[in-house]
There are 4 protein chains.
Amino acid sequence: MPKPPDATRRSERSRTAILDAALALITESGYAALTIEAIAARAGVGKQTIYRWWKGRGEIVLDALAEQVTAAGPPALPDTGDLEADLRLVVRATVAELADPKLSEITRALTVESLTSESFADQVRDRILRPQLDTIKDRLRGHVRAGIDPDLAVELFVGPMYHRWMLRTGPLTEEYADALVDLALAALRPGADRG
Amino acid sequence: MPKPPDATRRSERSRTAILDAALALITESGYAALTIEAIAARAGVGKQTIYRWWKGRGEIVLDALAEQVTAAGPPALPDTGDLEADLRLVVRATVAELADPKLSEITRALTVESLTSESFADQVRDRILRPQLDTIKDRLRGHVRAGIDPDLAVELFVGPMYHRWMLRTGPLTEEYADALVDLALAALRPGADRG
Amino acid sequence: MPKPPDATRRSERSRTAILDAALALITESGYAALTIEAIAARAGVGKQTIYRWWKGRGEIVLDALAEQVTAAGPPALPDTGDLEADLRLVVRATVAELADPKLSEITRALTVESLTSESFADQVRDRILRPQLDTIKDRLRGHVRAGIDPDLAVELFVGPMYHRWMLRTGPLTEEYADALVDLALAALRPGADRG
Amino acid sequence: MPKPPDATRRSERSRTAILDAALALITESGYAALTIEAIAARAGVGKQTIYRWWKGRGEIVLDALAEQVTAAGPPALPDTGDLEADLRLVVRATVAELADPKLSEITRALTVESLTSESFADQVRDRILRPQLDTIKDRLRGHVRAGIDPDLAVELFVGPMYHRWMLRTGPLTEEYADALVDLALAALRPGADRG
DNA sequence: GGGTAATCGAGACGGTACGTCATGTCTTGTG
DNA sequence: CACAAGACATGACGTACCGTCTCGATTACCC
């Protein structure tokens, strides 16, 4: 019966230091070098303080990212009226992030942990991914032919992108982003079910 | 200058024992429990014999899978004339494999390692993934409207599937497989570019 | 900069267990079988705990012996007034110890390590040997003709003994001990410099 | 029943190369670095060739030394008529050798192995040590008072020397050598038994 | 002078132990 | 009681050598 710690007495200073240290280490040296001991040392914190509040390095990265996202406000998807242009913007941005080794390090970390633990995958999905996917889903509403699962529709945009990133099956360029948007939209467009 | 070992002197007995042990352990206990020491012990082999021929556990799993695939012959995609039916078959099969925790363990392993090492990702792509993707690409030829990158076309089928599997964004069922095929085909079909 | 561990936090339980395990193993199986892993296993201790406080197995044996010696109090050399009788006692005791394979195992260990590392030899000399030699040196005072280096005088007793033990050049018996004392005393006795 | 190899077919070239390599390695890097694999590599020889003819590295060093000694001819102890002067010569020479880290490395090796294996100690004694000690023993004959074991007499010269070398209990200088000879001779001189 | 049996260089093999690293838990003051 | 510090038991890492083994390729002796 390991009783839960008293959250009201938690040190904000330590919490922030840990999150900052984790982000700094992961961008400097990659996820492989991100050990609990390294975080503790860098943050000037005892290891126990980390284990008291997090289950592992994955959760720390997750929290750090969530913090960052919260600070930046909700993900904004422009609504210029031109659906294709708007989607190109987001897809291009995501592709650019994945193409950058430093920037994609956090995504790499979360993906690895998701593959390792189902409950972790659930957390990533609900806290990080869902909000992003939902903005696309909302923007798509009304432009999709009837009978199509909205979740599947969104996956049509992000799935190929992640697949290409993970398995390096091709270049991650703006042209690729545009072609992907083009293709996915063609699938969804009303009247596309029959040539 | 660590000179490479003499492959002609390699012990076939040990090679097979190691590959078998790795597969047995990964299906029994998962990738996390797959340590070099465990493989060595199970295979009745010295650790050095493993390190002599492989760089890490990822490569062993990769070789084991390649062996298996080679034994099973090239992946066969039926060509009944009905493209949609044929694709449903493969996509359903893949979805079923991903839905099974045991069967997907190897895919999980290869994905984690691909995210960890670029050169490993290249190997997975070339030795495992490419042959599979190419059968779809070939089958698709002639049924896709002009100007579409064939690789992107294939990714439209597999990307969403893997994304859903990794991040658990939805159920992996036959209905899902069919819907995915339906949607992807709609995107590719000649005349789909404009409603 | 490998900073030194905090000695005040050291676990007395582990320290003792390690020393005891080392002594038990060395008398049971000899110095060759005394591995760090065996000590750790026998003591129920992690290897790192050993490496944190000792440089190698030699130092452990040294500490164990020092502990034992400390517990037994300072080496007592009787002073009955009969110098020759007193010396026979110590030399006989030492010869008996060297003649016993079990008892001499520790001496063997310390000698091997002394031959391997100069700094180790210094430790053995200062912590173990010096006290023993000094009791002889003190007892000899006043019975030695002028101009003789006291250290050399003491070596005259112990040197031949160890030499015979190490290189097995002859039996280690009480007769030998007595003859050695006889001879060494003859060398030191006032008036011995000229026949 | 591991039948002994046929000595008549032995490769003289390999034998010499191994002995040379062992001596070179031991003087260059010390006994600790003298591994069978290093010798084999340096000598351009297969490991099996070493194991076929020797039991371990100690025996190789022993053979190498014996070879060297044989080449140099039997140890010569001068007989100028002045016993003390003659003994000073040998003792000084031995002390000088022990004082030199490079030169004493072989002695170190043989001593360590002697402490490890009784049968090895016997070999060292019979093949290396005895001839040296016997020259002293012979030279001493006639100058020693009755009733003294000649072997013990010799040990009086070499024992203290080795003891001081092994345990670093004092400097190994010419003055030391002379004082040792002086003292030992005093013990042996006829009429020394009673002041 | 060809057949054959051993030694030879080379190095892969199953092992053991090494010394290091990180894990997650526990312990010891300090604020 | 949270915290910084860090010792602890555990377990895997990747490396170094061990001593045995198997593989052609020279030998060198015998018929």
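The values are calculated or read from the model by the stated rules, or taken from the named source; none is laboratory data. Small disclaimer: the values here were computed from a predicted structure and weren't measured. Reconstructed Cβ throughout: ideal geometry from the backbone, glycine too, with neighbour counts over all protein chains shown.
The requirement of being more than 23 Å from B:Ile128 (Cβ to Cβ), within 16 Å of DNA strand E (Cβ to nearest atom), of a type in the set (Val, Ile, Thr) and outside any helix (DSSP H, G or I) is fulfilled somewhere in segment B:44-61, by at least one residue.
If you scan segment B:149-173, which residues turn out to be at the interface with another protein chain (Cβ under 7 Å from one of its Cβ atoms), under 16 Å from B:Arg139 (Cα atoms) and in contact (Cβ under 8 Å) with a residue 60 or more places away in the chain? Correct list: B:Val158 only. Within segment C:67-77, the residues that satisfy the criterion of being surrounded by fewer than 12 Cβ atoms within 10 Å (Cβ to Cβ) and not polar (S, T, N, Q) are C:Ala71, C:Ala72, C:Gly73, C:Pro74, C:Ala76. Let me spell it out: the conditions are (1) more than 10 Å from chain B (Cβ to nearest Cβ); (2) farther than 20 Å from B:Gly159 by Cα, and A:Pro101 meets all of them except one. Which number is the exception? Single failed check for A:Pro101: (1).
Hey, can you tell me all the residues within segment A:110-126 that are in contact (Cβ under 8 Å) with a residue 24 or more places away in the chain and out of contact with any Leu (no Cβ under 7 Å at 6 or more places or on another chain)? If the condition is that a residue be in contact (Cβ under 8 Å) with a residue 24 or more places away in the chain and out of contact with any Leu (no Cβ under 7 Å at 6 or more places or on another chain), then A:Glu113, A:Thr116, A:Ser117, A:Phe120 are the ones that fit. Tell me the residue from B:Leu83, B:Leu62, B:Leu110, B:Leu98 that is assigned by TED's automatic domain parsing to the domain that holds B:Ile26 and among the hydrophobic types (A, V, I, L, M, F, W, C), please. Going through B:Leu83, B:Leu62, B:Leu110, B:Leu98 in turn, just one is assigned by TED's automatic domain parsing to the domain that holds B:Ile26 and among the hydrophobic types (A, V, I, L, M, F, W, C): B:Leu62. Considering segment A:81-184, the qualifying helices (runs of 4 or more DSSP H), each wholly inside and each with 2 or more residues that are modelled with pLDDT of 95 or more, run over A:83-99, A:104-116, A:118-124, A:150-167.
When the test is whether a residue is within 11 Å of another protein chain (Cβ to nearest Cβ), modelled with pLDDT under 95, part of a helix (DSSP H, G or I) and out of contact with any Lys or Arg (no Cβ under 6 Å at 6 or more places or on another chain), B:Ala187 passes it.
Yes or no: D:Arg42 loosely packed, with under 15 Cβ neighbours inside 10 Å and either over 22 Å from the mean Cα position of the chain (by Cα) or more than 9 Å from DNA strand F (Cβ to nearest atom) (or both)? So D:Arg42 fails the test. Screening segment A:4-19 for residues that are more than 8 Å from DNA strand F (Cβ to nearest atom) and touching a residue at least 40 places away in the same chain (Cβ under 8 Å) and picking the one that is surrounded by the most Cβ atoms within 10 Å (Cβ to Cβ) gives A:Ile18. For segment B:174-181, the criterion of being buried (at least 17 other Cβ atoms within 10 Å of the Cβ), small (Gly, Ala, Ser) and more than 7 Å from chain A (Cβ to nearest Cβ) is met by at least one residue. Looking across segment C:130-146, the residues that are surrounded by fewer than 20 Cβ atoms within 10 Å (Cβ to Cβ) and at the interface with chain D (Cβ under 9 Å from one of its Cβ atoms) come down to C:Arg130, C:Arg145. Within segment A:145-178, being under 20 Å from the mean Cα position of the chain (by Cα) and small (Gly, Ala, Ser) holds for A:Ala153, A:Gly159, A:Ala177.
Filter segment A:118-129 down to the residues that are at the interface with chain B (Cβ under 9 Å from one of its Cβ atoms) and exposed (fewer than 15 other Cβ atoms within 10 Å of the Cβ), then identify the one that is farthest from A:Val90 (Cα to Cα). Per the stated criteria, the residue is A:Glu118. Considered as a group, the residues in segment D:23-43 that are within 14 Å of chain C (Cβ to nearest Cβ) and in a helix (DSSP H, G or I) include one that is nearest to DNA strand E (Cβ to nearest atom), and that residue is D:Ala32. I'm trying to understand the selection: among the residues of segment A:26-39, which are touching a helix residue (DSSP H, G or I) at 6+ places or on another chain (Cβ under 7 Å) and either more than 16 Å from DNA strand F (Cβ to nearest atom) or in contact (Cβ under 8 Å) with a residue 24 or more places away in the chain (or both)? Within segment A:26-39, A:Ile26, A:Thr27, A:Gly30, A:Tyr31, A:Leu34 meet the criteria.
From the list D:Leu115, D:Leu87, the lone residue that is hydrophobic (A, V, I, L, M, F, W, C), facing chain C (nearest Cβ under 10 Å) and buried (at least 19 other Cβ atoms within 10 Å of the Cβ) is D:Leu115.
Of all the residues in segment C:66-81, those that are touching a helix residue (DSSP H, G or I) at 6+ places or on another chain (Cβ under 9 Å) and free of Cβ contacts under 8 Å to residues at least 40 places away in the same chain number 2.
Only residues that are touching a residue at least 60 places away in the same chain (Cβ under 8 Å) and charged (D, E, K, R) were counted across segment B:127-137, and they come to 1.
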